[in-house]
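Each value in this text was obtained by applying a stated rule to the coordinates, not by laboratory testing. Keep in mind that this is a model prediction, so the values were computed, not measured. Cβ: placed from backbone, ideal geometry, glycine included. Neighbour counts: every protein chain shown.
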Amino acid sequence: MFKAARLLVAGVFVVLALGGVGCAHGSKAQMFSPLTEMAPDQGVVYVYRPKGFVGSAVVYKVHANGTPVSALPPGRYFVYQGVGPVEFSAKTEIRTAVTIDIQPGQTYYIKGGVLPGAFIGNALLQQVTPDRGEAEIVKCSLAQ
């Protein structure tokens, strides 16, 4: 009994040590780089998903006003530019959505994640503060 428990604990530590927490580590993909030029009549939305062990096998597509924009695997981000109200949504078992009224010259952050589901993890999108978004996205790499 104790041997099995020790093996389970050791296995969890190995997975956490290899998987890490945050966004992509050691990836050859382009790490986060903020836009240096933005059209003066548009705003920018960074949509990112930190890397983590829980839900790491779940990848979902993010839509903007019903149009597919990008897949959002763990440890990745993508950039959306526009203006006006935009609904960002994703769906696995259930649908999640965040609407942002994008203002020209403004920057917004949407954090992706996964919640437990009945059969697969449920997509989660939530708008976060610029301070939190800036701190968390720096470890992510650009989605392909």
Practice task
Below 20 Å Cα-Cα, how many Lys pairs turn up in segment 23-142? Only count pairs eight or more apart in sequence, or on different chains, if you could.
Solution key: 10
Exercise for the section: Would you kindly state how much longer the chain becomes between I120 and F53 on full extension, computed as 0.36 nm times their sequence separation minus their alpha carbon distance, in nm to one decimal? Expected result: 22.7 nm
Handout entry: Chain lengthening between E87 and T67 when straightened (0.36 nm per residue, less Cα-Cα)
Key = 6.2 nm
Exercise for the section: Excluding Y77 itself, calculate the net charge of residues whose Cβ lies under 13 Å from the Cβ of Y77, where each Lys or Arg counts +1 and each Asp or Glu counts -1. Expected result: +3
Problem - Rounded to 5, percent antiparallel among DSSP beta bridges of segment 23-142 - result: 80 percent
Fill in the blank from the handout: Shape descriptor, segment 23-142: equivalent ellipsoid semi-axes (Cα gyration tensor, sqrt 5λ, whole Å, largest first) stand at 23, 18, 11
Handout entry: Protection proxy ranking of 126-132, 70-76, 105-111 - average other beta-carbon atoms within 10 Å, highest first
Key = 70-76, 105-111, 126-132
